[in-house]
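All remarks here apply to the structure that follows.
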Amino acid sequence: SEIADTKAVGAEIATRDQAEVLARIPGILAALSVRAGDMVEKGQRIGMIVDSRIGYEISAYGAQVAAAEAEAERANADFARIRDLYGNGVYAKARLDQAEAAARAADAQLAAARAQHGASASVAGQGALVAPASGRVLRADIPAGAPVAPGMSIATVTAGPSVLRLLLPESVAGQVRPGARVIVTDADLPVGSHEGHVTQVYPAITGGQVRADATLPGLTTQFIGRRVGASVEIGTRRA
């Protein structure tokens, strides 16, 4: 009769995706509140990068805003006074137009100074490190006080459901299809069931192996990276 033909393969517990917490500004890692194994929620603040240069820039732009506010207040006061005198016939229309133009220029300079101050403050806010996804922290090995550069990976967080990642030899990769049964041979693996099914076969071949993902009931992110033994259906044979 025809029975299922299986192939013993290596596998490891993984997640469908992994999210990186990246530094967006240069500076010093002032704090990192998580360690490998901690659970985080998407958007949770887990650390802070501080750049003292940005603090000095914010102070300088704040002083420019204060000076622009004073100048705008003076120009608008002059414009109001000249407008009243023009109404009483003291000043000519040209003098009124000149005062109005000066008041508008001062208001524009104030708006520009405030925009620069806000932009600098927003850059400083980019020093906050937030979790890009809900999951378990796999890596967070950069100590507080270390210098970091933009784009540097600070931590790695699991993203998506946990899967059993199979490493198939390329000789049988074409025989494995989504839906094929997978049986975990490690009896001490604490899961709800030792039997699952292939959900995805990756098209790339690396080092003579093809990856495939299988779902397993009760599989959690607590054992990410653990190697297990498994067997997968590769077709049928007569017996």
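The values are calculated or read from the model by the stated rules, or taken from the named source; none is laboratory data. Bear in mind that the values here come from a model prediction, so they are computed numbers and not experimental data. Please note: Cβ atoms are built from the backbone with ideal geometry, for glycine as well, and neighbour counts cover all protein chains shown. Keep in mind that these areas ignore ligands, DNA and RNA; they rest on the heavy atoms of the full protein, side chains included. Shrake-Rupley method; radii C 1.70, N 1.55, O 1.52, S 1.80 Å.
Would it be correct to say that THR6 is in a strand (DSSP E or B) and open to solvent by 60 Å² or more (accessible area, probe 1.4 Å)? Yes: the conditions hold for THR6.
For segment 176-194, what are the residues that are in a loop (DSSP other than H, G, I, E, B), modelled with pLDDT of 85 or more and either open to solvent by 40 Å² or more (accessible area, probe 1.4 Å) or not small (Gly, Ala, Ser) (or both)? Let's see the steps before the verdict.
The initial filter retains those residues of segment 176-194 that are in a loop (DSSP other than H, G, I, E, B), namely 176-180, 185-194.
In the following step, the residues that additionally are modelled with pLDDT of 85 or more were identified as 176-180.
Within segment 176-194, VAL176, ARG177, PRO178, GLY179 qualify.
Considering segment 83-142 alone, what residues qualify as being among the polar types (S, T, N, Q) and either in contact (Cβ under 8 Å) with a residue 24 or more places away in the chain or outside any loop (DSSP other than H, G, I, E, B) (or both)?
GLN98, GLN109, GLN116, SER120, SER122, GLN126, SER134
Quick one: in segment 195-233, of everything that is part of a helix (DSSP H, G or I) and open to solvent by 50 Å² or more (accessible area, probe 1.4 Å), which residue is farthest from VAL40 (Cα to Cα)? It would help to see each step written out before you state the result.
Within segment 195-233, the first condition is being part of a helix (DSSP H, G or I), and the residues that meet it are 221-223.
Subset that is open to solvent by 50 Å² or more (accessible area, probe 1.4 Å): 222-223.
Numbers: GLN222: 13, PHE223: 16 Å.
Filtering segment 195-233 for residues that are part of a helix (DSSP H, G or I) and open to solvent by 50 Å² or more (accessible area, probe 1.4 Å), the one farthest from VAL40 (Cα to Cα) comes out as PHE223.
Take the residues of segment 146-174 that are of a type outside the set (Val, Ile, Thr) and closer than 16 Å to VAL34 by Cβ: which is least open to solvent (accessible area, probe 1.4 Å)? For segment 146-174, the residue satisfying everything is ALA155. Inside segment 15-43, residues that are polar (S, T, N, Q) and either buried (at least 18 other Cβ atoms within 10 Å of the Cβ) or more than 19 Å from MET152 (Cα to Cα) (or both) make up a count of 1. Restricting GLU57, GLU12 to residues that are open to solvent by 40 Å² or more (accessible area, probe 1.4 Å), within 30 Å of VAL232 (Cα to Cα) and in contact (Cβ under 8 Å) with a residue 40 or more places away in the chain narrows the list to GLU12.
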